[in-house]
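The values are calculated or read from the model by the stated rules, or taken from the named source; none is laboratory data. Remember, predicted model here, so these are calculated numbers, not experimental data. We place every Cβ from the backbone using ideal geometry, glycine too, and count neighbours over all the protein chains shown. SASA here: full protein model, heavy atoms, side chains in, ligands and nucleic acids out. Shrake-Rupley method; radii C 1.70, N 1.55, O 1.52, S 1.80 Å.
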Amino acid sequence: MDISLHMIRFVLLFIYAVTSFNYMRAQEMCDSGENARILDELVKEKNYKKGIEYVRFLQQTDTLSPQTSLNCIQCYENLDMYEECIRFCDGRIQKNPQNYLLLFDEAKGFCYYMLEDYEKAANLLFSYIEDMEGQGFYVPNYYYGILAISLHECHLYAKAEEKFERYFETAASESKLTRQSLCKSEQKDTYGDMLYKYAYNLFFQGKEKEGYDYLKLAKACGNKNAIEDCLRLESCPTFAKDFKYKRRVINDFQSILEKMDVYGGLSRNNPSAFCCFHYIEAFRKIFRY
């Protein structure tokens, strides 16, 4: 009789414990779902500062939907919390490696770009674009642009040129303009910055004629650096002769410019100052004018 009573009590306690655990688990999942819903509303309202409070709770859970993960990332990015965003992505990958999302490569690549860690940015963005294209997905043109800049900052000028080309092909196609008429676009400021960077990417490869053409396109977009650089370059007598030099002269110029780019400290921190000053100095060394 006593054994039966103890058994009944044990079974009742066990059932109670299991029921309580399942209830708490269900409540937790319910709470997570509610917090995810609130976060989604806050992101739509662009209230990222309030949203980050829910992100910090949600990131502790084992699983998140792709949309909720995206909402979390948007909060971090829009609050310039790039290092925290990278840690968030790494945490999601560690918890669920089988549910790896291309979204994480995209987010981490962007964050490393904003943190000026261009080597990591280039690796992640290249992987993201390659995988997206391989699956037939649309890649926003913005990512071709920041990948091109990242490769340029890593001194991988030939690879950067490929991405710059893709960027401008897509930009012209989407805006129904030509490269020469991008200055008519509402996004001419953005295009001006990209044209300016592309111009010097060409200069660093010894493609001075092409570089100068793109510098003038950047100038047409109203880019202030391009306007100043064109003025200085056009004031150089040798530069104004349409680049009609002997091959030896061009080779000498390219050699001097490459040495300055490799060993000069100004190229990464201040590309405009580097190019304005050293580009003309390279001509002076050759022509002694």
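Were the residues from ASP90 through ASP189 laid out at 0.36 nm apart, the gain over their Cα-Cα distance would be 32.2 nm. Label zone of MET114 (point 7 Å out along Cα→Cβ, amide N under 16 Å): in region 134-177 this covers 142-143, 146-147. With all protein chains kept in place, the per residue accessible area of region 78-134 amounts to 52 square angstrom at a probe of 1.4 angstrom. Highest mean packing first, where packing is the average number of other Cβ atoms within 10 Å per residue, the peptides 174-180, 64-70 line up as 64-70, 174-180. Phi-derived couplings, Karplus 6.51 cos²θ - 1.76 cosθ + 1.60 at θ = phi - 60°, listed residue by residue for region 115-125: 8, 6, 9, 5, 5, 5, 4, 4, 4, 6, 5 Hz, with x used for Gly and Pro. FRET efficiency for the pair ASP62 and LEU102, taken as 1/(1 + (r/R0)^6) with r the Cβ-Cβ distance and R0 = 22 Å, rounds to 0.60. The mean of 1/r over all pairs of different alpha-carbon atoms in region 48-154, once inverted, gives a Kirkwood hydrodynamic radius of 14.2 Å. Shape of region 66-120 from its Cα gyration tensor (a ≥ b ≥ c, root eigenvalues): rounded if a/c is under 1.5, otherwise prolate when a/b > b/c, or oblate? Oblate. For GLY192, neighbours were defined as the other residues whose beta-carbon sits under 11 Å from its Cβ, and their charges (Lys and Arg +1, Asp and Glu -1) total +2.
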